[in-house]
Amino acid sequence: MSQSNTNNSALLSAEFNLADKTLIIFDWDGTLMDSIGLIVESMHVAGEAHGFVTTDKAVKDIIGLSLLTGIDILYPIATAEQKLAIQQSYIDYYIPNSHRTPFFDDIENMLQTLKSQGKQLAVATGKKRRGLDRVLDVSDSHDYFVITRCADESGSKPNPQMLVDILEYAQQDIADAVYIGDSIYDIQMANKLGMTSIAVDYGTAASSELSAQQPTYQVGAPQALAKLLCAK
């Protein structure tokens with residue numbers, strides 16, 4: 001069941017028993033952090049530096065995957081050496097500009113509230129470990145999360161291994177958890193485990209694309225996500 005109307009968040013929270021979820025797992029880019037614009041810009045810069053051109057939509061469609069997997073999809077005729085060079089150019093551009101990627105409005109307050117309610121919070125992201133650790137440092141947000149898992153540790157989405165790793169570490173069952181993301185790969189990953197999912201429309205994918213993946217719930221803004229998750 002999917003809902004795009006956010007006016008009944010508290011009612012739907014009760015319906016889906018989100019207040020009873022003890023493990024809240026988030027994607028990072030486009031879900032917690034407003035980084036989609038910089039990702040798209042960085043990929044254009046990196047691809048063009050090596051003679052390849054793509055579109056904004058194509059880049060947005062690979063966000064959520066590991067970086068090299070995304071480059072494989074965007075530039076299939078590039079050689080292995082060129083793909084590695086594009087990856088490095090992407091990193092070289094993204095990192096110095098990463099100060100331009102704050103949390104979405106209300107997200108940090110939501111994390112603080114959830115933690116105060118005794119929830120375990122976690123991250124499952126397509127980022128590499130080095131990249132996630134860097135943004136956790138910059139945003140001073142390490143302490144919100146009991147565990148974080150990355151694509152270079154557990155496989156690229158929609159492989160659900162990173163969710164399995166998080167469940168095992170937190171000693172929680174699938175029924176105790178909810179996963180929140182902004183890409184179709186996020187919802188596909190949760191669906192593979194039968195995990196409750198929340199699709200957010202303010203990140204990568206269009207609302208219709210996310211709805212087609214049949215998330216448990218769908219919200220249009222960070223404020224609606226906070227209302228849904230924090231309701232008791």
Leaving out ligands and nucleic acids, note down the accessible area per residue over the stretch 148-219 with a 1.4 angstrom probe, in whole Å². 36 Å²
Along the stretch 108-115, Karplus-curve 3J(HN,Hα) (6.51, -1.76, 1.60; θ = phi - 60°) to the nearest Hz, with x for Gly and Pro, reads 5, 4, 5, 4, 4, 5, 4, 5
How far, in nm, would the chain grow between D133 and E168 when pulled straight, counting 0.36 nm per residue and subtracting the alpha carbon separation? 10.5 nm
How would you rank 215-224, 181-190, 90-99, highest first, on the average number of other Cβ atoms within 10 Å across their residues? 181-190, 215-224, 90-99
Taking the Cα centre of the chain as the origin and placing charges on Cβ (Lys, Arg +1; Asp, Glu -1), which of I36, F103, Q213 is farthest toward the positive end of the dipole? Q213
Using the Cα centre of the chain as the reference point, and only Cβ charges (+1 on K/R, -1 on D/E), how large is the resulting charge dipole? Debye, rounded to the nearest 20. 180 debye
If you roll a 1.4 Å probe over the chain with all protein chains in place, what percent of the accessible area is carbon or sulfur? 49 percent
Stretch A19-Q112 to full length: gain in nm at 0.36 nm per residue minus the Cα-Cα span? 31.9 nm
Å² of accessible area per residue within the stretch 50-105, as computed with a 1.4 Å probe and no ligands counted: 53 Å²
In cubic angstrom, how much convex hull volume per residue do the alpha carbon atoms of the stretch 147-232 span? 95 Å³
Please report the Cα spread of the chain along all three principal axes, rounded to whole Å, starting with the longest. 52, 34, 30
Range of Cα positions in the stretch 104-175 per principal axis (Å), largest first: 30, 30, 18
How far, in nm, would the chain grow between K57 and E41 when pulled straight, counting 0.36 nm per residue and subtracting the alpha carbon separation? 4.6 nm
Given K128/K157; K21/K115; K57/K128; K157/K192; K127/K157; K21/K127, which pairs have Cα atoms separated by over 20 Å? K57/K128; K21/K127
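The values are calculated or read from the model by the stated rules, or taken from the named source; none is laboratory data. The structure presented is a predicted model; accordingly, all values stated were derived computationally and were not measured. Every residue, glycine as well, gets a Cβ built from its backbone with ideal geometry; the counts of neighbours run over all protein chains shown. Side chains are part of the model used for accessible areas, which takes the heavy atoms of the whole protein and leaves out ligands, DNA and RNA. Shrake-Rupley method; radii C 1.70, N 1.55, O 1.52, S 1.80 Å.
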